[in-house]
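We did not get these values from a lab; they are worked out from the coordinates using the rules stated. Keep in mind that what you see is a predicted model, and the values were worked out from it rather than measured. Every residue, glycine among them, receives a Cβ derived from its backbone with ideal geometry; neighbour counts consider all protein chains shown.
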Amino acid sequence: MHAEDLLSEIKREADEKIYQIQHQNTEKLNLIKLDLATSMAKEEQKIKEESETDILTTEKQMLGRARLKQKLKIMERRKELIDKLIDDSIIKFITSKSYDSFLEKTFNDNYKKGMTVSIKKGDKKAEDMLTKKKIKPTHTDIIGGFIFTDKKVHINKSFDLHLEKKRENLEKRIAEMLNN
């Protein structure tokens with residue numbers, strides 16, 4: 001019987017060893033599962049935070065683009081208003097007595113006998129003035145005023161040139177008025 005007892009003892013020790021190994025493996029597996037769950041939770045939190053940051057960044061960028069578009073539209077509209085105001089002022093000037101004075105002074109200060117005088121086609125005031133002075137004008141694409149030419153000299157006294165020099169200052173003044 002001794003062999004049976006020995007076998008029983010060996011089997012009991014083997015069962016105990018198996019139990020201990022299984023218990024240790026179960027504990028290790030539970031620790032691995034816990035580590036994995038913790039790592040997954042941390043990774044999920046990290047991904048969530050990164051996503052929220054990305055969403056906020058995207059929202060800020062979109063809001064920035066929308067504001068920029070809005071500012072550009074406002075600037076375009078403001079530019080249109082300024083252009084319209086200047087164009088309306090030009091029309092008002094060209095139909096005023098001040099334009100008559102401008103034409104007379106410009107002609108007297110610059111015309112020399114034999115010069116060709118160019119005007120805008122349809123500028124009745126300039127045409128009438130030149131007709132009285134017995135000068136036949138040529139036509140050119142200007143807003144108003146004169147361009148005097150002879151063989152050596154080209155004098156641009158068009159209202160276009162005058163306006164071009166003053167336009168930037170006019171635009172600034174009108175923009176300031178619109179801001180107030």
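Results, tabulated for the structure shown:
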| quantity | calculated |
| --- | --- |
| Test for residue 89: is it in a strand (DSSP E or B) and either within 30 Å of residue 171 (Cα to Cα) or touching a residue at least 12 places away in the same chain (Cβ under 8 Å) (or both) | no |
| Residue among 98, 89 that is of a type in the set (Gly, Ala, Ser), farther than 24 Å from residue 178 by Cβ, more than 14 Å from the chain's Cα centre (by Cα) and surrounded by 10 or more Cβ atoms within 10 Å (Cβ to Cβ) | 98 |
| Those strands (runs of 3 or more DSSP E) lying entirely in the stretch 112-180 with at least 2 residues in contact (Cβ under 8 Å) with a residue 24 or more places away in the chain | 116-120, 145-149, 154-158 |
| Count - residues of the stretch 114-155 that are touching a strand residue (DSSP E or B) at 6+ places or on another chain (Cβ under 6 Å), surrounded by fewer than 19 Cβ atoms within 10 Å (Cβ to Cβ) and closer than 21 Å to residue 89 by Cα | 1 |
| From the options 26, 106, 38, residue that is within 43 Å of the chain's Cα centre (by Cα) and assigned to a helix (DSSP H, G or I) | 106 |
